[in-house]
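Below: the structure, in structure tokens.
The values are calculated or read from the model by the stated rules, or taken from the named source; none is laboratory data. Since we're looking at a predicted model, the values are computed, not measured. Positions of Cβ are backbone-derived with ideal geometry, glycine not excepted, and every protein chain shown enters the neighbour counts. All accessible areas refer to the heavy atoms of the entire protein, side chains included, with ligands and DNA or RNA removed. Shrake-Rupley method; radii C 1.70, N 1.55, O 1.52, S 1.80 Å.
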Amino acid sequence: GPKVLQIPSHQIIDMGQMVTLNCDPVSNHLYFYWYKQILGQQMEFLVNFYNGKVMEKSKLFKDQFSVERPDGSYFTLKIQPTALEDSAVYFCASSPSGAGTEVFFGKGTRLTVV
Amino acid sequence: QQQVRQSPQSLTVWEGETAILNCSYENSAFDYFPWYQQFPGEGPALLISILSVSDKKEDGRFTIFFNKREKKLSLHIADSQPGDSATYFCAASFLPGTGSNRLTFGKGTKFSLIP
């Protein structure tokens, strides 16, 4: 089936440094998402991106977070600066249309902030 | 406030048995309820979903029963197989044009078979 690719699979970074998580969504999908999962617990919505803009973000999407998708390239989540509580698995997802349609998830990037 | 609740937290059954995973939600405006299956080290993958206009959805060995009045639903896994061992997440969202695009997930049920 359709694949969402995430790079890297694991990243270790010093607290206070910047990190960029990369995602290659399913081609022809229009909606992109980032979710955060801590210790195998529930997935928490971070942000929804469509048509070059943030459509919706949660309280977890702190001011230190930003997303973008320059034409034809990765959909990225940047955290600057990182904090210890940012350690989690970050899942990128995409869907062909909005609410009520299948959302495809990547395998996640495990971020460890030390 | 936990918008989507799941029980039990973990469930173990014998191979061939039917497993029942429960889910309830708070927001009566939720209209779309997908169940996601997640294996260790993988992302969640859609297993089966239901819209609030239906009370039952079947796909092979997997069936969702939905009770809108009580804001409850359940996933039944018939003839449980070793390959079904995974964590199952119940999620909820709104339909297009009625609210946001976000999926709200429960905490998951870790399902396994007795070896």
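Which one is nearest to the chain's Cα centre (by Cα) among residues in the range A:10-32 that are modelled with pLDDT under 95 and open to solvent by 80 Å² or more (accessible area, probe 1.4 Å)?
A:Leu30
Could you go through the range B:60-70 and let me know if any residue there is modelled with pLDDT under 95 and over 19 Å from A:Val103 (Cα atoms).
Taking every residue of the range B:60-70 in turn, none turns out to be modelled with pLDDT under 95 and over 19 Å from A:Val103 (Cα atoms).
Residue-by-condition table, conditions (1) open to solvent by 50 Å² or more (accessible area, probe 1.4 Å); (2) in a loop (DSSP other than H, G, I, E, B):
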{"residue": "B:Gln6", "(1), (2)": "no, no"}
{"residue": "B:Gly16", "(1), (2)": "no, yes"}
{"residue": "B:Ser24", "(1), (2)": "no, no"}
{"residue": "B:Phe30", "(1), (2)": "no, yes"}
{"residue": "B:Trp35", "(1), (2)": "no, no"}
{"residue": "B:Pro40", "(1), (2)": "yes, yes"}
{"residue": "B:Leu47", "(1), (2)": "no, no"}
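Based on what the data block shows, is A:Ser87 away from chain B (no Cβ under 11 Å), among the small types (Gly, Ala, Ser) and over 11 Å from the mean Cα position of the chain (by Cα)?
yes
With the checklist (1) open to solvent by less than 30 Å² (accessible area, probe 1.4 Å); (2) within 11 Å of chain A (Cβ to nearest Cβ) in hand, flag the one item B:Asp84 doesn't pass.
B:Asp84 satisfies every listed condition except (2).
Has the range A:26-33 got at least one residue that is within 22 Å of B:Thr109 (Cα to Cα), free of Cβ contacts under 8 Å to residues at least 40 places away in the same chain and in a loop (DSSP other than H, G, I, E, B)?
The answer is no; no qualifying residue exists.
Which of (1) closer than 22 Å to B:Pro44 by Cα; (2) in contact (Cβ under 8 Å) with a residue 12 or more places away in the chain is the odd one out, the single condition A:Phe65 does not satisfy?
Of (1) closer than 22 Å to B:Pro44 by Cα; (2) in contact (Cβ under 8 Å) with a residue 12 or more places away in the chain, only one is false for A:Phe65: (1).
Can you tell me which residue in the range B:88-98 is farthest from B:Ala19 (Cα to Cα), limited to those that are more than 7 Å from chain A (Cβ to nearest Cβ) and open to solvent by 30 Å² or more (accessible area, probe 1.4 Å)?
B:Gly97
In a loop (DSSP other than H, G, I, E, B), at pLDDT below 95 and not hydroxyl-bearing (Ser, Thr, Tyr) - does that describe any residue in the range B:76-94?
yes
Filtering the range A:33-48 down to residues that are more than 10 Å from chain B (Cβ to nearest Cβ) and surrounded by 13 or more Cβ atoms within 10 Å (Cβ to Cβ), which residue is nearest to A:Ser95 (Cα to Cα)? If you could, list the steps in order and put the result at the bottom.
Within the range A:33-48, the first condition is being more than 10 Å from chain B (Cβ to nearest Cβ), and the residues that meet it are A:34, A:36, A:38-39.
Those left that are additionally surrounded by 13 or more Cβ atoms within 10 Å (Cβ to Cβ): A:34, A:36.
Numbers: A:Trp34: 12, A:Lys36: 17 Å.
Among those residues, the one meeting the criterion is A:Trp34.
Pull out all pairs, ordered by first then second residue, where Cβ-Cβ is under 6 Å, the residues are six or more apart or on different chains, the first lies in the range A:1-12 and is in contact (Cβ under 8 Å) with a residue 12 or more places away in the chain, and the second is of a type in the set (S, T, N, Q).
A:Val4/A:Ser94; A:Gln6/A:Thr109; A:Ile7/A:Asn22; A:Ile12/A:Thr112
Quickly run through the range A:26-46 and pick out the residues that are closer than 24 Å to B:Pro40 by Cα and of a type outside the set (Phe, Trp, Tyr).
Once the filter is applied, which keeps residues that are closer than 24 Å to B:Pro40 by Cα and of a type outside the set (Phe, Trp, Tyr), the range A:26-46 yields A:Val26, A:Lys36, A:Gln37, A:Ile38, A:Leu39, A:Gly40, A:Gln41, A:Gln42, A:Met43, A:Glu44, A:Leu46.
Here's the yes/no breakdown for (1) open to solvent by 10 Å² or more (accessible area, probe 1.4 Å); (2) within 21 Å of B:Asn101 (Cα to Cα); (3) among the small types (Gly, Ala, Ser):
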| residue | (1), (2), (3) |
| --- | --- |
| A:Glu68 | yes, yes, no |
| A:Gly72 | yes, no, yes |
| A:Ile79 | no, no, no |
| A:Glu85 | yes, no, no |
| A:Thr109 | no, no, no |
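B:Thr98: of a type in the set (Val, Ile, Thr), out of contact with any His (no Cβ under 8 Å at 6 or more places or on another chain) and within 22 Å of A:Leu39 (Cα to Cα), yes or no?
no
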